[in-house]
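For reference, the structure discussed in these notes is given below.
Rule-based calculations on the coordinates, nothing more; no lab input. The structure displayed is predicted, hence computed values, not measured ones. All Cβ positions, even for glycine, are placed from backbone atoms using ideal geometry, and neighbour counts span all protein chains on display.
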Amino acid sequence: MASSIPTTREAVIIGGNRIPFSRAGKKYVRTSNQDMFTAALEGLVARFGLQNELLGEVVGGAVLKNSRDFNLIRESVLGSSLAPATPAYDLQQACGTGLEAAIAVTNKIKLGQIESAVAGGTDTISDAPIAVGDKLRRALLQASHARGTGDRVKALLPVLGHPKWLAPETPDTGEPRTGLSMGEHQAITTAKWGITREAQDEIALKSHQNLYRAWEEGFFDDLVTPFRGLSRDDNLRGDTSAEKLATLKPVFGRGLTGEDGSPLPATMTAGNSTPLTDGASTVLFGSRDWAEERDLPVLAKFVDAETAGVDFVHGHEGLLMAPVAAVPRLLTRNGLTLEDIDFFEIHEAFAATVLTTLAAWEDEDYCRDELGLAGAFGKVDRDKLNVNGSSLAAGHPFAATGGRILATAAKLVHAKAAETGTPARALISVCAAGGLGVTALVESA
Amino acid sequence: MTDSYTRFANGGLKPLVKKLGLPQPAILRRHKPGSPLTVGPVLVVSDDASAADADAVTTVLTSWDLDVRRSPELAEGERFGAVVLVLTGAEHPQDVSAAVLTVGGILRRLAGNGRVVTVSRAPAAGDAPALAAARAGVEGFVRSLGKELRGGSTANGVQLADGAAVDSVSAVATLRFFLSAKSAYVDGQLLPVGPSTFSGDIDWDRPLAGKVAVVTGAARGIGAAIARTMARDGAKVVVVDVPPAGEALSAVANSVNGVALQLDVTAEDAADKILAAAKPLGGPDILVHNAGITRDKLLANMKADRWDSVIAVNLASQLRINARLLERGVEGLRIVSLASTSGIAGNKGQTNYAYSKAGVIGHTAATAPLVAAAGGTANAVAPGFIETEMTARIPFATRSVARMLPSLAQGGEPVDIAEAICFLASDPASGVNGQTLRVCGQHLVGK
């Protein structure tokens with residue numbers, strides 16, 4: 001961790017574009033990651049008139065990839081209206097992919113290596129890869145390496161004796177090292193921090209209400225381009241209520257027990273957990289000069305970022321608690337506290353993730369023992385939290401979430417600064433599989 | 001996009017179609033960059049008093065490398081591509097006889113997709129009765145000739161107003177538009193042309209070069225065609241449509257190297273959003289109010305939402321945006337609004353739509369002097385039956401009849417509207433102000 005930030009030039013956020021997010025198996029069923037990312041990119045090009053523009057770099061990725069997607073972002077660029085000479089590469093850091101891509105390109109802009117860039121991500125559950133089991137895969141590979149038909153048949157013979165090998169392997173959100181799903185991991189953390197069902201449902205309700213209001217106000221008119229006949233996020237329930245959310249049955253954390261062996265209440269439902277979602281997002285960055293030369297809007301500066309990891313494998317820490325450690329390092333390095341933040345964009349993997357994050361920062365012992373702080377890190381003003389909704393309402397196409405949040409945050413700080421005449425800041429926090437956390441600081445420019 | 005009857009009537013059974021006396025729509029020649037202005041030599045005819053103006057017209061036409069003739073004789077097998085009838089000096093109805101009959105004498109030798117263009121003076125207050133009659137008579141002549149011409153030929157007229165010279169920039173530009181394939185679906189129309197303030201070189205191939213144009217309702221149909229034609233003529237285009245149309249809109253933007261703006265034109269701040277999008281590009285220079293909706297119902301069954309939404313989108317949005325742009329001091333703005341022949345002739349089931357479109361014609365005339373004060377113009381184009389997704393939803397029989405009604409016996413293409421708009425938005429046309437140009441293939445009804 002750097003103790004001070006070296007002086008570099010600014011990387012600014014010009015704007016963003018995404019396609020509406022759609023629940024898995026709905027609107028984007030016959031749509032690939034490449035289709036979606038290309039569409040998001042094309043909408044961005046159209047919004048800012050970037051046809052035939054040679055950008056410094058386009059970086060993004062997908063968490064779930066088919067083998068054909070080995071050069072996903074570059075292929076998307078080649079299918080777009082950008083200059084074909086625009087370089088691109090894929091990057092992947094689970095749900096942190098989109099934000100990490102932004103960190104990667106803004107660092108290059110700050111260092112003067114590039115003048116402009118697009119960062120983003122895409123994910124589809126509807127077109128997820130289905131793989132064959134390792135045993136069948138080995139047999140197929142052996143057969144493909146075989147010399148002559150005899151050897152080929154010999155290599156494939158064991159398959160006939162093991163019809164079970166033919167069963168496909170579908171991807172899931174289970175952690176490879178624990179076998180537990182993300183929801184089950186969060187359920188442990190939720191119980192540990194004593195987060196109630198009501199508190200979680202309240203977060204979920206707010207998310208839907210805020211996102212719905214933002215859509216109605218036209219907030220997304222210049223952030224989203226319709227795709228395949230969908231013009232709004234279809235997970236959004238503008239008419240949901242605390243009563244409706246309360247009727248849902250818990251899906252995670254059933255069978256958890258306390259230290260004395262007594263059963264703990266299961267509190268996490270389909271309503272306060274994000275659904276599996278398809279979608280793609282992009283964000284346009286540039287040096288200030290690049291943006292100004294083209295008379296492009298400058299919404300915000302991408303100030304700084306911090307990532308963290310936690311040891312969840314041995315049960316020491318919750319799977320999704322890494323941002324809790326990253327944010328104090330990020331803010332302290334920039335001489336800021338939670339008080340200095342105008343907008344908190346905390347990715348709602350689960351409502352409980354947001355609540356455990358907030359609870360941990362308010363907990364003196366935790367902050368001292370685990371984060372090495374002198375005392376409690378601080379309290380997040382709920383009125384500044386996910387003010388235009390987050391993943392519970394919008395949905396969460398893993399790699400696309402970072403771009404969604406960044407564009408929203410940039411627009412929010414820009415509007416607030418224009419209104420008040422003083423700089424506004426947004427803190428972005430995204431938890432990710434593997435006990436990872438990616439956080440970033442955005443300030444009006 | 002030619003409709004199936006027009007294809008049929010021009011196919012192997014063309015003689016039979018003729019014999020049966022069925023309508024004979026021609027395949028209209030449309031503008032292609034680089035193609036000749038007319039399909040053959042141009043004959044310039046005038047009455048005696050207009051001889052000097054006819055000479056001036058001849059000089060202009062010759063400068064465009066046209067084969068200009070002053071006598072009606074043609075070589076064997078030759079056909080005229082166009083006739084320009086100059087009547088600017090006629091002071092009495094009895095003066096024009098010889099010139100008009102000369103035109104009549106060559107009509108059988110006018111090529112398909114030929115043009116007859118009159119150049120005359122608009123009647124003005126204070127004209128002597130005989131002078132007024134001579135000038136007003138041209139209108140009846142042009143409208144009738146339009147109905148007589150065949151094979152995709154059209155009759156239109158340049159009507160000089162406010163002392164505009166016959167070879168003034170806008171008169172010349174209008175003459176050129178009527179002679180060209182860009183006016184393929186304009187028939188039987190007189191366009192009043194005043195003096196132009198524009199002086200400079202005219203690039204006839206890219207008349208909108210360096211301009212920034214904003215086109216509303218541009219995701220599909222006529223709006224998309226306007227955006228493409230504007231871009232072809234050299235303009236940088238900001239395409240606007242409602243957010244739900246964004247996918248098609250961004251495809252249009254990317255196909256014309258333009259900028260997509262997802263915006264409901266009825267929003268309070270629509271004008272400011274348009275300005276914010278156009279300013280970085282150096283505009284706006286041109287604004288095309290194309291966004292429009294239909295909510296057809298007989299008035300007896302009309303609900304408030306159907307009436308109000310049509311008025312809000314088709315008319316009130318234009319008023320609010322124009323007012324705000326003027327308030328913010330936008331200079332030299334060339335506004336072109338979409339009216340409709342429904343607004344002129346009326347249409348059953350369209351009281352709301354026709355009110356809005358007639359309103360457009362009205363506000364255009366009233367807006368003209370306001371924008372002129374800031375160096376701009378405001379004009380309207382009234383499409384007739386145009387082949388679009390919107391008209392494709394009209395029941396087959398009604399649609400087929402609608403196609404046959406105009407003199408050209410077919411529907412127009414979106415590009416026909418786009419060509420007229422690009423002409424009106426161009427610098428050389430700046431002497432045309434407050435006018436509504438019909439692009440309707442000479443729809444039988446209305447003025």
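Within 10 Å of each residue's Cβ, count the other Cβ atoms and sort B:Leu160, B:Leu131 from fewest upward.
Values: B:Leu160 25, B:Leu131 17.
Taking fewest neighbouring Cβ atoms as first place, the list is B:Leu131, B:Leu160.
Assuming a ≥ b ≥ c are the square roots of the Cα gyration tensor eigenvalues, decide whether region B:270-329 counts as rounded (a/c under 1.5), prolate (otherwise, with a/b larger than b/c) or oblate. Display every interim value, and only then the final one.
Numbers: a/c = 3.86, a/b = 2.92, b/c = 1.32.
Prolate shape, in that a/c is at least 1.5 and a/b is the bigger ratio.
Just to confirm my numbers, what's the Cα centroid distance between region A:426-445 and region A:302-332 in Å?
Centre-to-centre distance over Cα atoms comes out at 9 Å.
With a cap of 15 neighbouring Cβ atoms within 10 Å, and only residues DSSP puts in a loop, list the GluC sites (Glu not before Pro) found in region A:13-118.
Qualifying residues, ordered by number: A:Glu53.
Kirkwood hydrodynamic radius, region B:31-193, all distinct C-alpha pairs: what's the number in Å? Please report the intermediate quantities before stating the final value.
Working: mean 1/r = 0.0645 Å⁻¹.
That comes to 15.5 Å for region B:31-193.
Using Cα centres only, tell me the gap between region A:32-59 and region B:2-41 in whole Å.
Going from one Cα centre to the other spans 43 Å.
For A:Thr7, A:Thr225, A:Thr196, what's the fewest-to-most ordering of other Cβ within 10 Å of each Cβ? Present the calculation step by step, with values, prior to reporting the outcome.
Numbers: A:Thr7 6, A:Thr225 29, A:Thr196 13.
Taking fewest neighbouring Cβ atoms as first place, the list is A:Thr7, A:Thr196, A:Thr225.
May I ask for the distance between the Cα centers of region A:353-367 and region B:113-161, given as a whole number of Å?
After rounding, the separation between the Cα centres reads 84 Å.
Among B:Ala133, B:Ala291, A:Trp193, whose Cα lies farthest out toward the positive end of the dipole of the protein assembly as shown, if unit charges sit on the beta carbon of Lys, Arg (+1) and Asp, Glu (-1)?
Value: B:Ala133.
Percent relative contact order of chain A, based on C-alpha pairs within less than 8 angstrom and at least six residues apart?
Values: 1036 pairs, mean separation 115.5, N = 445.
Over chain A, the number comes to 26 percent.
Calculate the dipole size of the protein assembly as shown relative to its Cα centre from +1 charges on Lys and Arg beta carbons and -1 charges on Asp and Glu beta carbons; express the result in debye to the nearest 20. Walk me through the intermediate numbers first.
On the way: 86 positive and 95 negative charges, 696 e Å.
That gives a dipole near 3340 debye.
With a 10 Å cut-off between alpha carbons and a GNM built on chain A, which of A:Cys367, A:Cys431, A:Cys95 moves the most?
Looking only at A:Cys367, A:Cys431, A:Cys95, the biggest GNM fluctuation is shown by A:Cys367.
If you filter region B:262-321 for trypsin sites (Lys or Arg not before Pro), then keep DSSP loop positions with at most 13 other Cβ within 10 Å, what is left?
Numbers: sites: B:Lys273, B:Arg295, B:Lys297, B:Lys303, B:Arg306, B:Arg320; in loops: B:Arg295, B:Lys297, B:Lys303.
Within region B:262-321, the qualifying trypsin sites (Lys or Arg not before Pro) (loop, at most 13 other Cβ atoms within 10 Å) are B:Lys303.
Only bridges whose two residues both fall in the protein assembly as shown count here: according to DSSP, what percent of them are antiparallel, nearest 5? Working shown, then result.
Working: 44 of 111 bridges.
Here the share of antiparallel DSSP bridges comes out near 40 percent.
Could you check which residue among A:Asp69, A:Asp278, A:Asp363 shows the biggest mean-square fluctuation in a GNM of chain A with a 10 Å Cα cutoff?
The residue with the greatest mean-square fluctuation here is A:Asp363.
Filter the GluC sites (Glu not before Pro) in region A:256-317 to those in DSSP coil with at most 15 other Cβ atoms within 10 Å of their Cβ, and list the result. Mind dumping the intermediate values first?
Numbers: sites: A:Glu259, A:Glu292, A:Glu293, A:Glu306, A:Glu317; in loops: A:Glu259, A:Glu317.
Within region A:256-317, the qualifying GluC sites (Glu not before Pro) (loop, at most 15 other Cβ atoms within 10 Å) are A:Glu259.
What are the principal axis extents of the Cα atoms in chain B, in Å, biggest first?
Taking the Cα atoms of chain B, the three principal extents are 60, 51, 43 Å.
Beyond 36 Å, what percent of the Cα pairs of the protein assembly as shown remain?
Details: 227122 of 397386 pairs.
That tail contains 57 percent of the Cα-Cα pairs.
Hey, fewest Cβ within 10 Å first, where do B:Glu419, A:Glu364 land in order?
Fewest to most other Cβ atoms nearby, the residues stand as A:Glu364, B:Glu419.
What is the local net charge at B:Gly411, summed over the other residues whose Cβ is closer than 15 Å to its Cβ (Lys, Arg +1; Asp, Glu -1)? Each step should come with its number before you reach the end.
Numbers: positive: B:Arg7, B:Arg30, B:Arg393, B:Arg399, B:Arg403, B:Arg438; negative: B:Asp3, B:Asp187, B:Glu387, B:Glu389, B:Glu413, B:Asp416.
Here the count lands on 0.
How large is the convex hull of the Cα atoms of region B:139-289 per residue, expressed in Å³ as a whole number?
On the way: hull volume 22.8 nm³, N = 151.
For region B:139-289, the hull spanned by Cα atoms encloses 151 Å³ per residue.
So what is the calculated 222 nm ellipticity per residue for chain B, using -39500 (n - 2.57) for each DSSP H run with n of 4 or more, over all residues, to the nearest 500 deg cm²/dmol? Intermediate values should be presented prior to the final figure.
Values: 16 runs with 167 residues, N = 447.
Per the formula, -11000 deg cm²/dmol.
Could you identify which residue out of A:Thr240, A:Thr356, A:Thr269 has the top mean-square fluctuation in a GNM of chain A using Cα springs shorter than 10 Å?
For chain A, modelled as a Gaussian network with Cα springs under 10 Å, the answer is A:Thr240.
Just to confirm a number: summing +1 for Lys and Arg and -1 for Asp and Glu over residues other than B:His92 whose beta-carbon lies under 13 angstrom from that of B:His92, what do you get? Could you put the intermediate results ahead of the total?
Values: positive: B:Arg135; negative: B:Asp47, B:Asp48, B:Glu91, B:Asp95, B:Asp127.
Within the 13 Å Cβ shell, the charges total -4.
Rounded to the nearest 500, what is the 222 nm mean residue ellipticity of chain A from helices alone, with -39500 (n - 2.57) per DSSP H run of 4+ residues and division by all residues? Write out the running numbers ahead of the final one.
Working: 14 runs with 160 residues, N = 445.
Taken over chain A, the calculation gives -11000 deg cm²/dmol.
In terms of the Cα gyration tensor, with a ≥ b ≥ c the square roots of its eigenvalues, is chain A rounded because a/c is under 1.5, prolate because a/b exceeds b/c, or oblate?
Values: a/c = 1.59, a/b = 1.12, b/c = 1.43.
Because a/c hits 1.5 or more and a/b fails to exceed b/c, chain A counts as oblate.
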